[in-house]
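Asker: Below: one structure in structure tokens.
The values are calculated or read from the model by the stated rules, or taken from the named source; none is laboratory data. Fair warning: this is a prediction, and the values are worked out from it, not measured in the lab. Reconstructed Cβ throughout: ideal geometry from the backbone, glycine too, with neighbour counts over all protein chains shown. With ligands, DNA and RNA removed, areas are computed over all heavy atoms of the protein, side chains included. Shrake-Rupley method; radii C 1.70, N 1.55, O 1.52, S 1.80 Å.
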Amino acid sequence: MAEARLEPEPTEAAPRRRLGELLVERGVAQPADIERALQIQRSVGGKLGALLVRTGALSEDALLRALSAQLGAPYLSEPDDLPDHLAAYGFMAQAPVKLDWLLDNAALLWRDDAEALCCLARDPQHQPLLEALAYFYPGERVAFFLAPNHHVDRLLDAVRKERAMETLFSGDDARQLREMAEEAPVIELVNNLLSQAVDLDASDIHVEPAQETFAVRMRVDGVLHTRLTQPIERFPAVASRIKLVAGIDIAERRLPQDGRITERIAGKDMDIRVSTVPCAFGESIVLRMLAKERDDLRLDNLGMTADHLAMFRGWLHASNGIVLVTGPTGCGKSTTLAAALEEVDDGIKKIITVEDPVEYQMPNITQIQTHAEIGYTFARALRAILRHDPNIIMIGEIRDAETAEIALRSALTGHLVLSTVHTNDALSSFTRLIDMGLEPYLVADTIRGVQAQRLVRRSCRRCAVPTTPTGLAADALNDIPSALLGNDWVRVEGCEACQHTGYRGRMGVYELASMTDALQNAVVGGANLSELKRLAHGQGCRTLWQDGLIKASQGLTTVEEVTRLTLGATPA
């Protein structure tokens, strides 16, 4: 702050000139404007200067300069002239006047370098403020200052933030959880975490409490990285803020809850699924980050080899039947289905999806969100949409026998059905549906193909160095057609570009099994999973491990990464 402007100039004991006269004399207001404002003042009350600004007869800057001359209070027009908010907060927190009362009355107090009492207020003539200062600081001269309202409001907000930060991090008063969840420091912390996740292209945020601390970890390229560790005293307010914006009951901590946040974060429209689960030291919270719009939702961007891509596209162009995508949570099944819908959406087909939740918003496609809490399940939605004459149906997940039965019946009546199931590999999907109670002949007759998938991290091009496969990987190459293999094997060392992980981005590895006549007969005949795998692989079906090795041979990923994702080995 400019020290020369801190002390107001001495004023004479002469009677103070009226503001209206001063404004007319300075040529910044017309007498007619003053008279009109005086009439409004007599009718509804209020300060003359404020009425002139409100009616557009006067600018705030002109008013404050006139008030500065009238009151002898320096006008702090530039941000650099303003007092430091930390100094103001430090003084006000210890002042005999209550901090909340000063904030409610839009006043800031501090002492300058000469220990003079200074006051910046939105209205320095506010009588209760003058009386309070005279009472708590008897006989002490107060140096008043003026500043534009937006500067005053910014300082007041900064002081409120410091007060809230100190209250939040003291952990002394758990009863103020809801109020603290709405305070600026908590909002800023949660917003910063969300922005970081979007900038890092993280798929999930995990907020995990322990005995003395809580950690915030973000899953980037399928691997969790710790981004923040804080004392456990700060956890309740952060958890409450997340629950508040996700529409979750802030007081319920004993039961799991689900919610969602829809916001524009770091320039992207995001749909964030929030899940809370009670744990030993509070609640574990996971936020699933989903971009509403994706420019790269095309099948040829997912990492399929040419033969797999042709096979999958062949399934999609069938007139009816079921195409299943399988794999664990977070392996990219929804992304694959969204890209498949983009592929088949030619503008002349009726496409309807039933999802929980709707992850990718797509034009020209009717997307339905289920609500199990009111009984609107996958099965109930499917029964309804069959009357809407769809050509293609996408079911977010086949979870039960009823949904599976309706999906099969839809395929038998001329619909192409796309869906997902949770199995470890492609061939397990047949046994999974049969275990649900479906007839083997219906499963064999309706399924066109099954695709299993995993997401492996792409090797960082900056720190990848050539290598050669050894051990298990080298032995497995004998079972892969040499025409599919490259000679660009790499290992990664880590650099700043990849945050020293050795990897940037992800791609899919796939196992595709078409329903051939031989496989169909085996399913109808009750063949077990081992027999189905032996038959499919004999017909050219590659395993996830083999498809991953093909991509490792092309330098797209590493053997260590493929091993971790497909064989369950620990990453290097």
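Asker: Mean 1/r over all different Cα pairs, inverted: what Kirkwood radius does the stretch 454-510 give, in Å? Present the calculation step by step, with values, prior to reporting the outcome.
Answerer: Numbers: mean 1/r = 0.0787 Å⁻¹.
12.7 Å is the Kirkwood radius here.
Asker: Can you pull the three principal axis extents for the Cα set of the stretch 323-431, in Å, largest first?
Answerer: Taking the Cα atoms of the stretch 323-431, the three principal extents are 35, 29, 29 Å.
Asker: Enumerate the calculated ³J(HN,Hα) couplings along the stretch 108-113 in order (Karplus 6.51 cos²θ - 1.76 cosθ + 1.60, θ = phi - 60°), each rounded to whole Hz, writing x wherever the residue is Gly or Pro.
Answerer: My calculation for the stretch 108-113 gives 10, 10, 6, 10, 7, 5 Hz in order.
Asker: Enumerate the calculated ³J(HN,Hα) couplings along the stretch 246-256 in order (Karplus 6.51 cos²θ - 1.76 cosθ + 1.60, θ = phi - 60°), each rounded to whole Hz, writing x wherever the residue is Gly or Pro.
Answerer: 8, x, 9, 4, 6, 8, 8, 10, 9, 10, x
Asker: Hey, got a sec? Which GluC sites (Glu not before Pro) in the stretch 287-343 land in a DSSP loop and have at most 13 other Cβ atoms within 10 Å? Don't skip to the answer; put the middle values down first.
Answerer: Values: sites: GLU293, GLU342, GLU343; in loops: GLU293.
For GluC sites (Glu not before Pro) across the stretch 287-343 that sit outside H, G, I, E and B with at most 13 neighbouring Cβ atoms in 10 Å, the list reads GLU293.
Asker: Of all the Cα-Cα pairs you can form in the stretch 309-382, what percent are over 17 Å apart?
Answerer: Working: 1406 of 2701 pairs.
Every Cα pair in the stretch 309-382 considered, those over 17 Å come to 52 percent.
Asker: Near the amide H of PHE214, under 5 Å away, which other amide H atoms are found, from residues 5 or more places off or on another chain, if H is placed in the peptide plane?
Answerer: Here the answer is GLN230, ILE232, since their amide H atoms fall under 5 Å of that of PHE214.
Asker: Using modelled backbone amide H atoms (1.01 Å from N, in-plane), which distant-in-sequence or interchain residues come within less than 5 Å of VAL417's amide H?
Answerer: GLY321, ILE322, VAL323, ILE393
Asker: Could you rank LYS47, LYS243 by how accessible they are, 1.4 Å probe, largest area first? Before the final figure, lay out the partial values.
Answerer: Working: LYS47 100, LYS243 5 Å².
Largest to smallest exposure gives the sequence LYS47, LYS243.
Asker: Still on this model: Out of the total accessible area of the chain (probe 1.4 Å, heavy atoms of protein only), what percent is carbon and sulfur? Numbers along the way, then the final one.
Answerer: Details: 13310 of 28000 Å².
Carbon with sulfur: 48 percent of the solvent-accessible area.
Asker: For the stretch 299-313, in order, what is each residue's ³J(HN,Hα) by Karplus, 6.51 cos²θ - 1.76 cosθ + 1.60 with θ = phi - 60°, in whole Hz (x at glycine and Pro)?
Answerer: Computed from phi, the couplings for the stretch 299-313 are 4, 6, 9, 8, x, 6, 6, 4, 5, 5, 4, 5, 5, 5, 5 Hz.
Asker: Can you tell me the order of 468-478, 83-93 when each peptide is scored by its average per-residue count of other Cβ atoms within 10 angstrom, highest first?
Answerer: 83-93, 468-478
Asker: While we're looking at this one, here's another question. Just tell me which lysines come within less than 30 Å, Cα to Cα, of LYS533; anything on the same chain fewer than 8 places away is out.
Answerer: Output for LYS533: LYS333, LYS551.
Asker: Just one of [x] 27.8, 98; [y] 33.8, 110; [z] 24.0, 78 is Rg and Dmax of the Cα atoms in Å calculated from these coordinates, so which is it?
Answerer: Evaluating Rg and Dmax of the Cα atoms in Å on these atoms matches [y].
Asker: Further question: Leaving out same-chain residues fewer than 8 places away, which aspartates and glutamates sit with a Cα under 16 Å from that of LYS292?
Answerer: ASP199, ASP201, ASP204, GLU263, ASP269, ASP271, GLU342, GLU355, ASP356, GLU359
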